[in-house]
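Remarks on the structure that follows.
The values are calculated or read from the model by the stated rules, or taken from the named source; none is laboratory data. Computed from a predicted structure; not experimentally measured. In this analysis, Cβ positions are derived from the backbone assuming ideal geometry, glycine residues included, and neighbour counts consider all displayed protein chains. We work out accessible area using only protein heavy atoms, side chains counted, and drop any ligands, DNA or RNA first. Shrake-Rupley method; radii C 1.70, N 1.55, O 1.52, S 1.80 Å.
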Amino acid sequence: YERQVNINVDYSREFERQTRTETPISIDSIDNSTERIRLPQSINFGLSLERPYKYTIGADFTFEQWEKYTNSIEVSNLANSWQFALGGEWTPDVTSVSSYLKRVTYRMGFRYGQTPWTVNDVQISDIGINFGFSLPVSRGLSSLNLGFTYGERGRNEAANIIKERYFRVALGANINDPQWFRRRRFN
């Protein structure tokens, strides 16, 4: 659970006149004020089943009350959003000495939800699949993680909404060298 948060924002607007060579002639300050933004509360619920060093299966649900978002700077027409995600990971044999591919952890997931944005009074949906793997490095617990996401936003053609397809690549590293955390007995 994340509670709603109120944020004070210093806001200023300026008007600038320029020559054809973009040299400023005059700058006038139109508005200087402190505004208030209210970010909505969020509720998350997840459940996972795990057999250590073998597999993990998980599901997650998120709900955000964007209808309660307020912004005194500009008018926003946002709707409540939600997302459901299901995924898992599997490692064939974490102790395998003969096959490197058996020590690799394979991941896959799916998600679907409604974003807070509306176009032509229709809420934009977002659907995607994720897949990736974790490559063990050396003989320790360190690994190199690669993840890929393919998704679509705005699938409702009847409301004349543009469909957006996207692809994302993520690269990460886990550095878990036990030697770093061992206390030396002799210096």
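Counting only protein chains, not ligands or nucleic acids, how are 111, 20, 38, 3 ordered by accessible area (probe 1.4 Å), most first?
20, 3, 38, 111
Just to verify a number: what accessible area does residue 82 come out at with the full protein assembly present, 1.4 Å probe, Å² rounded to tens?
Counting only protein heavy atoms, residue 82 exposes about 90 Å² to solvent.
Give the ranking of 2, 22 by solvent-accessible surface, highest area first, calculated with a 1.4 Å probe.
Final ranking, largest accessible area leading: 22, 2.
Residue 45 accessible area, nearest 10 Å², 1.4 Å probe?
Counting only protein heavy atoms, the figure is 140 Å².
What is the percent of Cα-Cα separations in the chain that go past 26 Å? Before the final figure, lay out each step's value.
On the way: 10332 of 17391 pairs.
Result for the distance tail: 59 percent.
Given a Förster distance of 45 Å, report the FRET efficiency between residue 120 and residue 23 from their Cβ-Cβ distance, rounded to the nearest 0.05.
FRET efficiency, residue 120 to residue 23: 0.60.
Set Lys and Arg Cβ to +1 and Asp and Glu Cβ to -1, take the dipole of the chain about its Cα centre, and tell me which of 105, 80, 146 lies farthest positive.
105
Mind computing the radius of gyration and Dmax over the alpha-carbon atoms of the stretch 29-117? Å is fine for both.
When restricted to Cα atoms, the stretch 29-117 yields Rg and Dmax of 21.5, 71 Å.
Roughly what would the spin-label model give for residue 90 and residue 108, points 7 Å off Cα along C-beta, in nm?
0.7 nm
I'd like the accessible area for residue 74, computed on protein heavy atoms only with a 1.4 Å probe and all protein chains in place. Round to 10 Å², please.
110 Å²
Among 116, 24, 40, which one shows the biggest mean-square fluctuation in a GNM of the chain, springs joining Cα atoms closer than 10 Å?
In this elastic network of the chain, the residue with the biggest mean-square fluctuation among 116, 24, 40 is 24.
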